[in-house]
Structures are given as C-alpha cells and as structure tokens.
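In what follows, a structure is listed as structure tokens, so that the remarks can point back to it.
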Amino acid sequence: MGATRLRLLEGAPTTYEPLLSWVEEVAELTQPDRIHWVDGSEAEYRKLTDELVAAGTLTRLNPDLFPNSFAAFSDPADVARVEEQTFICSRNERDAGFTNNWMEPSEMKTKLKGLFSGSMRGRTMYVIPFVMGHLDAEDPKFGVEISDSAYVVASMRIMARIGTDVLKKIEETNAFFVPALHSVGAPLEPGQADVPWPCNPEKWIVHFPEERSIWSYGSGYGGNALLGKKCYALRIASVMARDEGWLAEHMLILKLTSPEKKVYNVAAAFPSACGKTNLALLDPTIEGWKVETLGDDITWMRFGKEGELRAVNPEAGLFGVAPGTGWGTNPNAMRAIAKGNSIFTNVALTDDGGVWWEGMTEEVPEHLTDWQGNEWTPEAGRPAAHPNSRFCTPIDQIDMLAPEYFAPNGVEVHAILFGGRRKTTIPLVTQSRTWANGIFMGATLSSETTAAAAGAVGVVRRDPMAMLPFIGYDAGDYLNHWVRLSAKGNAARLPKIFLVNWFRRTKDGGFAWPGFGDNSRVLKWAIERIEGAADAVETPIGFVPTPESLDLDGLDMTPEQVEEAVHFDADEWRAEVPGLEEWFARFGGSLPLSLTNELEGLKKRLG
Ligand SMILES: Nc1nc2c(ncn2[C@@H]2O[C@H](COP(=O)(O)OP(=O)(O)OP(=O)(O)O)[C@@H](O)[C@H]2O)c(=O)[nH]1
Ligand SMILES: O=C([O-])CC(=O)C(=O)O
Ligand SMILES: [Mn+2]
C-alpha cells in the first residue's frame, strides 16, 4: 500500500489497486468516520443486525414465528423506486432514448460530487464486493457497492453473493467490477442523533452506461439502494448484454414438468407488482404438472452452442411484494418466509411479534401496529402494510427451488410469456403467430402502473418487455437487439411467445380469471400448443384458447365465465390501435422495421 494512502484504508483486506483507489477516492469525497469491508459472514450479519436493532432501524421478530428475521420501517417518503429521478447518463442523449431521463455525464458528475461531498460524515462506509450470477460462471459479472447503510448491507447479503470469496476472485482474475456508489444522503454532525431510517428528500438514481458505473443518492429503499438488482442486473447489464450479445431481462423463470416427465422452462416478463414472484412459485391446481422455481425477477439469457436460448437467474434472494402473498395464493412463498432469515420492510406487526399484510391470511387480525407505527384495527379504513411492502428472503429457502438454479450455464428456455395488468382488451392468453409477432407483443406490452414505483397507480402505460424503467439505453436499439440477436439463434429452437393477462375484469368488476395456482392451466395450454396438441381460435392478434382446450378440471367456472376471460374482442382491439401507433411514433427512426410491419399486419387483420 502506498505511503500516501488514506489512513482509513489501513487494514484493508485487499491489495487490488483498482478497488483500493476507487474506495479511497470515494472516502475522500464522502468523508465517512470509518470503512468496513464486508466479508459476508454470519458473524458479521449478526453484528450488523444487532446494531440495526439498537438503532431502531430493525425490529427483531419473535424467533418462534420468524427465526432470525427483522422488520424495517422506512421513511414514509422513501417507499418505492423513484423513476422520475432515475437517469441514464450516456455521452449522447440519443443513446439514452426517449424512455429514460438524461443529463450530460460531466454535468451530472459535478452535481453528484456536490451531493456526495461529506455525505457519509458521522457514518460507516461499507464496501460490499458482490457478483450477480455465479461466481464460477464463464464470465462472472462483478460489482462493488459502497454504501453508508447497514440495512443495505444486510439486504444485499440476501439478494446477491457477497463478501470475501467474491473479493478474492476479483483480485485473482484481475476482474472488472461495476463501481456502485450509494449514500442515503444524511450525514451526521458530531453529537447529532440518528433517525431509524436516514434518507434525503432529494433522490438521484444515476447510471453511466459507457463507464458501467452507478451513483445512487438519497434513498435507502429496494431498487433504489440494493444496487445489484435493478441498477446493475437490468440497467447496466442490458448495456453489457447489447455489447456482448446476450439479454438482461425483467423476467421470472420456472421449470415445468409434464405428467410425461418432459421438462419445459418458461420465462415471463411482467412489470413490477404484476405477478412474477407468484408465477415463479406457483402451486399447480392441475393433476400431474409440477412447477419448480428458477428465478422470480431477473433473467439473463444467451444462446448456447446449439443455438438454444439459455437462462440464468443472477440473484440469490427474493425481494417480493408482501400484500397479496398469502397461504391461499402463494403457500410456497409463505413456507420460504416462515423459515426465517428474512428482512421485511413496511409490513405491519402483530401483537405477538410477527408480521402481517393485506392478503396474508383470510382472517384479519383484530389489532396490529401498522407500517407507520400506529395502532391499527380492521376499522381503521387504511391498509396496515404499505402496498409496496416487501419480504427479502434467501432463494434457497424455497422448497420448490429447481436444482438447475445452481447450474452456471442455466437452462434452455422453451416459452416466453409477456404479461401486464389490463382490465380490458387483452385476453387471458394469446399465442403469437410467429417469433416476430411475439417480439411485437413484447414491444407493445401495456400495463396499469402499480405501487412499486412512486407516482400514480392504475394508469395504463406501454412497458416494452416489462423493461420500461430498466432499459439502460435507447429503447429502439433495445428492440433491435432482440431482433438481431434472435436471428443468430437456432430458429427451430427459439422459444414460443405468448401474451398473458391475469388481470382482466368482468362486467361486474371482479377478476375474470382466478389466477395464481390456476395459471398452471394457462401454462399447460401453452405447452400443449408448443406440442401441437391444444386447440385454438385464430384471431387477428394471434391464437386464443377455445374454452374446451383449457384444462378446467376442478375449476368452478361456467363456460360463459371462461369465455369472458379468454375471448378476443375486435372492438376493444380497434380502440387499442391509435395507442399502438402513438407508441411506435415515439421511437422515431430507431424502431425495427419488422415491428412496423407487424403493426400494419394487425391493422389489416382488424379491418
Ligand atoms: N388477481 C391476481 N393477482 C395476482 C396474480 N399474481 C399476482 N397477483 C398479485 O399481484 C401483486 C404482485 O405480485 P408479484 O408476484 O409480487 O409481482 P412481481 O411481478 O413479482 O412484482 P415485483 O417484485 O415488483 O417485480 C400481488 O399483490 C399479487 O397478489 C394473479 O394471477 N391474479
Ligand atoms: O426494485 C424494487 O424496489 C422492487 C422491485 O423488484 C420492482 O420494483 O420491480
Ligand atoms: Mn417480485
């Protein structure tokens, strides 16, 4: 270590110069009181969580109910991703595209340096080496997050592989790592008391795609602060994927085994809070079909040696939406959570030291402490848990985890579903006519906004491949990348593409389809379509099921009710076309020609 090295770096567990000099630079800028190099051990986790309990950030749950588990309550103004304050600072504005906020990189750096200057005063600066995907992958994707939040360290330990082994491998292989800098933006002056959830009203979630770096300021929450997740594994990784010839997608991935013991892996892209975790942990309601989980939020895909599309889940944990996750709807998630080792954020507390949220149990507790610390009874007239409250749980606690989750080369993908939350228009399931038509379905995906991002809820917006807030470059270039890359795959082995909608409503306003475990009936239909076994009606948008072609065994629905879920409505689709045209117009010249052709074809077929 050089003689001029900052005193704070004494005892650093590494001699890796690129890392040391970055850590030093950040320490000089942010002026923390001390530096802690995260080793990822259990002892360290115990110490950190003890400290967080003492600080009031975490509440230890009753170990008889949830062993080694904690609840955190955020600042009420720091409860979701902040898309308005999320930036892609490519050198040229054109490369950020119309779906991203952009600022000139050096201007942004100047602004951020001002904000980060002294931002860790009075705090510990944690250095978290992490890898997204497997440590023994052919080309492991490393990152180092620097954060002044111990809650972030504890959560990152659940969500990614972190610590000493990762650091060693970075050094040994002279590896590139994504520098991911995070500060809650709440320095402490000498003698100043801390608050349980420090954050700053001003928030900036910034990505420099050419440099492959991340700067996140002001928030301690989820996708804003756990930088391995959306910031790296989607926004920065999508840029790496463009340059290196693969795909970084907002998809779950599940392994489906038929009664004949044939295996099909299904990937599915749904926007935030639209059912990925639930589908990934699905308990089939049909005989003989088995689902195992591979991933619930992010899927990295590349073509294998035979031109087959292969997928891995780069994450190590679940950061799942709590409300709606219950023993009735998602018992597999509940079993994983019940094993403990979890951090809950913005859920309600039961009087016996457990957690509760809307939809967890059918019976509503008579008394709770709500996510803001207030007394709560069923008469309160407000939810007890925040709508975007989350459970953070190690993925290997899922009993139904597929063994292939641990395979560095992943699994072959046989089907891709695109889905959104639409009250009308989009049938339960539609098989695309062709691969290009399937990409069109993804490119025009639409969904009502949810509580997963700050802002209005329930507004329909286009969300290409469920990646609208996560594409790290120009959205037209992104769609072109899909088109060009897939042309390199083995055409016969390309996955079949389907559009799904679990959220269609009946005239009475209820869900037209029971969803959850019964979505296995849709998976079965999709597989039978691939095998040429199930019937379908050809419509202008693709193939939809005949009511008889869906396995409805044991389902309490009349044929009319099924029809309401699966039917194609020409009038609704004609009304959809202007929105599609408007959407495509926003791409300017960067939209792939094949997609323009798809829209023209659809218009012709609709008449
Ligand atoms: N009606 C209905 N609701 C569903 C279904 N699947 C999921 N949901 C609800 O949708 C909400 C979000 O579901 P998740 O599975 O957590 O969504 P996600 O896509 O994993 O969300 P992120 O983690 O934010 O990306 C929860 O409240 C679920 O209960 C379904 O099939 N039908
Ligand atoms: O990123 C987050 O905060 C949570 C999440 O998974 C999403 O919004 O899709
Ligand atoms: Mn999820």
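The values are calculated or read from the model by the stated rules, or taken from the named source; none is laboratory data. What you are looking at is a predicted structure, and each value in this text was computed from that prediction instead of being measured. Every residue, glycine as well, gets a Cβ built from its backbone with ideal geometry; the counts of neighbours run over all protein chains shown. The accessibility values were calculated without ligands, DNA or RNA, using every heavy atom of the protein model including side chains. Shrake-Rupley method; radii C 1.70, N 1.55, O 1.52, S 1.80 Å.
Taking a ≥ b ≥ c as the square roots of the eigenvalues of the alpha carbon gyration tensor, segment 87-197 is oblate, as a/c is not under 1.5 and a/b does not beat b/c. In terms of the mean number of neighbouring beta-carbon atoms within 10 Å, the peptides 192-200, 454-462 order highest first as 192-200, 454-462.
Rounded to the nearest 5, the antiparallel percentage of DSSP beta bridges internal to the chain is 65%.
Residues Asp474, Asp39 ordered from highest to lowest accessible area at a 1.4 Å probe: Asp39, Asp474. The phi-based Karplus calculation (6.51 cos²θ - 1.76 cosθ + 1.60; θ = phi - 60°) puts the 3J(HN,Hα) values of segment 84-96 at 4, 10, 9, 10, 10, 9, 6, 4, 9, 4, 4, 6, 7 Hz, whole numbers, x for Gly and Pro.
Here's how it looks for Thr539: its modeled amide H is under 5 Å from those of Val544, which are all 5 or more places away or on a different chain. Shown in residue order for segment 415-425 are the 3J(HN,Hα) couplings computed by the Karplus curve 6.51 cos²θ - 1.76 cosθ + 1.60 at θ = phi - 60°: 8, 10, 10, 10, x, x, 10, 10, 5, 10, 6 Hz (x for Gly and Pro). 3J(HN,Hα) couplings calculated from phi for segment 233-239 with the Karplus curve 6.51 cos²θ - 1.76 cosθ + 1.60 (θ = phi - 60°) are, in sequence order, 5, 10, 5, 5, 5, 5, 6 Hz; Gly and Pro show x. Let me know the shape class of segment 337-474, please: from the alpha-carbon gyration tensor, a ≥ b ≥ c as square roots of the eigenvalues, rounded when a/c is under 1.5, otherwise prolate if a/b is greater than b/c, or oblate. Cα axes put segment 337-474 in the oblate bin. Summarising the amide proton neighbourhood of Leu309: residues at separation of 5 or more, or on other chains, whose placed amide H is nearer than 5 Å comprise Gly304, Val413. Post the alpha-carbon centroid distance, segment 220-283 to segment 369-430, in whole angstrom. What the calculation gives is 12 Å, centre to centre.
A protection proxy built from the mean count of other Cβ atoms within 10 Å ranks the segments 503-513, 340-350, 68-78, most packed first, as 340-350, 68-78, 503-513.
For segment 469-607, the equivalent ellipsoid built from the Cα gyration tensor has semi-axes of 30, 20, 15 Å, listed from largest to smallest. Stokes-Einstein diffusion for the chain at 20 °C, viscosity 1.002 mPa s, with a Kirkwood radius from C-alpha pairs, works out to 86 µm²/s.
Working note: 222 nm ellipticity from helices only, DSSP H runs with n ≥ 4, each -39,500 (n - 2.57), summed and divided by the residues of the chain, gives -7500 deg cm²/dmol to the nearest 500. Apolar share of the accessible surface for the chain: 51 percent from carbon plus sulfur atoms, 1.4 Å probe.
How high is the FRET efficiency between Thr110 and Glu563 when r is their beta carbon distance and R₀ equals 41 Å, given to the nearest 0.05? The formula returns an efficiency of 0.10 here. How many angstrom separate the Cα center of segment 461-484 from the Cα center of segment 554-607? For segment 461-484 versus segment 554-607, the Cα centre distance is 19 Å.
For the chain, the solvent-accessible area works out to 38 Å² per residue, with a probe of 1.4 Å and every protein chain left in place. Under 5 Å between amide hydrogens, built in the peptide plane, is the criterion, and for Phe503 it picks out Arg422 among residues at least 5 positions away or on other chains.
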